[in-house]
1. Any idea which residue in region 6-17 is most open to solvent (accessible area, probe 1.4 Å), counting only those that are of a type outside the set (K, R) and in contact with an Asp or Glu (Cβ under 9 Å, 6 or more places away or on another chain)?
2. Suppose we filter region 18-35 for residues that are open to solvent by less than 10 Å² (accessible area, probe 1.4 Å) and at positive phi; how many remain?
3. Of all the helices (runs of 4 or more DSSP H) wholly in region 118-196, which have at least 3 residues that are under 24 Å from A66 (Cβ atoms)?
4. Could you check region 213-230 and list, in sequence order, the residues that are surrounded by fewer than 21 Cβ atoms within 10 Å (Cβ to Cβ) and within 19 Å of K15 (Cβ to Cβ)?
5. Hey, any hits in region 175-185 for a residue that's aliphatic (A, V, I, L, M) and open to solvent by 50 Å² or more (accessible area, probe 1.4 Å)?
6. Within region 221-232, can one find any residue that is part of a helix (DSSP H, G or I), of a type in the set (K, R) and more than 14 Å from A29 (Cβ to Cβ)?
7. List the number of the failed condition for T233; all other conditions in (1) open to solvent by less than 10 Å² (accessible area, probe 1.4 Å); (2) without any contact (Cβ under 8 Å) to a residue 40 or more places away in the chain; (3) of a type in the set (S, T, N, Q) hold.
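The values are calculated or read from the model by the stated rules, or taken from the named source; none is laboratory data. Because the structure is a prediction, the values reported are computed rather than measured. All Cβ positions, even for glycine, are placed from backbone atoms using ideal geometry, and neighbour counts span all protein chains on display. Just so you know, the surface numbers come from the protein's heavy atoms only, side chains and all, with ligands and any DNA or RNA stripped out. Shrake-Rupley method; radii C 1.70, N 1.55, O 1.52, S 1.80 Å.
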Amino acid sequence: MLSTLPRLIGHRGAKESAPENTLASIREAARQGARWVEVDVMLTRDQRPVLIHDDTLDRTTTGTGAVPLLDLAALQQLDAGRWFDAAFVGERVPTLEEAVDLIRELGLGLNLEIKPYPGQEEITAEVALNTLRPLWPSDRPLLLSSFEVSCLEVAQRLWPEIPRGYLLWDPPADWAAIADRIGAATLNVDQSRQTADSVAEYRASGRPVLSYTVNDAERARTLFGWGVSAVFTDAPGRLARELGPLAGSGA
């Protein structure tokens, strides 16, 4: 599954150019040449998996309050593009099914981040994976990631053959033991906290290191020089142009 891991992965689609975690953003990432996209999944009140990053609706929609306070029907009445630019008025918060249909149509690989509302870790992972599994082609690259170890444990139990990415920001002292226990295939780390030594330590675990979120070409060059395998970027097309051959075939 990771044999086609590109150097550049579109973060929440192409977040620099379109409203994040929308169908428009996924389309834009593909238009810019991205080979993979990363999106976030959370549950509505009626336990439908949808693409949204924040625990609340306020930043990226015309709604307010916590995401799981609304059923899907009410959530999809909100505008998820107006905040970004008038050109995107009418964009909606997509369901995971809608996003997967588009990602398949565009021929993209997917990193699905399980992003549960606090207290909904296991049910979010269960619903998201049970929704995704019958829709996802067996020959299409897929990486399941989360900061929440319990989400990755659910993924390990329900869909063990799909690689899991352990997301780290301020890693616990026993991160390596946790990664071993959950069978993590990649370590997805915050780029701003990395040094040559930290990347070397992560790589010594035998896992590819992926780094988020990188929008500066010089920083990307540094990270690749340290041995980072791929970066998540809000601007896959721009970064590919600025990196030139170093971007590889990823975008």
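1. First, pick out the residues of region 6-17 that are of a type outside the set (K, R): 6, 8-11, 13-14, 16-17.
Adding the requirement that they be in contact with an Asp or Glu (Cβ under 9 Å, 6 or more places away or on another chain) leaves 9-11, 13-14, 16-17.
Numbers: I9: 0, G10: 0, H11: 19, G13: 0, A14: 0, E16: 91, S17: 44 Å².
So, considering only residues that are of a type outside the set (K, R) and in contact with an Asp or Glu (Cβ under 9 Å, 6 or more places away or on another chain), the one most open to solvent (accessible area, probe 1.4 Å) is E16.
2. Matching residues across region 18-35 total 1.
3. Working: elements: 121-132, 149-158, 175-181.
Hits in region 118-196: 121-132, 149-158.
4. First pass over region 213-230, keeping only residues surrounded by fewer than 21 Cβ atoms within 10 Å (Cβ to Cβ): 213, 215-219, 221-222, 224-227, 229.
Those that are surrounded by fewer than 21 Cβ atoms within 10 Å (Cβ to Cβ) and within 19 Å of K15 (Cβ to Cβ): T213, N215, D216, A217, R219.
5. First, the residues of region 175-185 that are aliphatic (A, V, I, L, M): 176-179, 182, 184-185.
Checking which are open to solvent by 50 Å² or more (accessible area, probe 1.4 Å) leaves us with 177.
Scanning region 175-185, I find at least one residue that is aliphatic (A, V, I, L, M) and open to solvent by 50 Å² or more (accessible area, probe 1.4 Å), so the answer is yes.
6. Filtering region 221-232 for residues part of a helix (DSSP H, G or I) gives 221-226.
Now restrict to residues that are of a type in the set (K, R): 221.
Right, trim to more than 14 Å from A29 (Cβ to Cβ) and you get 221.
Yes; the residues of region 221-232 include at least one that is part of a helix (DSSP H, G or I), of a type in the set (K, R) and more than 14 Å from A29 (Cβ to Cβ).
7. Here T233 meets the rest and fails (2).
Table: residues versus (1) over 18 Å from L187 (Cβ atoms); (2) modelled with pLDDT under 95.
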{"residue": "D85", "(1), (2)": "yes, no"}
{"residue": "T95", "(1), (2)": "yes, no"}
{"residue": "G119", "(1), (2)": "yes, no"}
{"residue": "E122", "(1), (2)": "yes, no"}
{"residue": "T131", "(1), (2)": "yes, no"}
{"residue": "P134", "(1), (2)": "yes, no"}
{"residue": "S138", "(1), (2)": "yes, yes"}
{"residue": "C151", "(1), (2)": "no, no"}
{"residue": "G165", "(1), (2)": "no, no"}
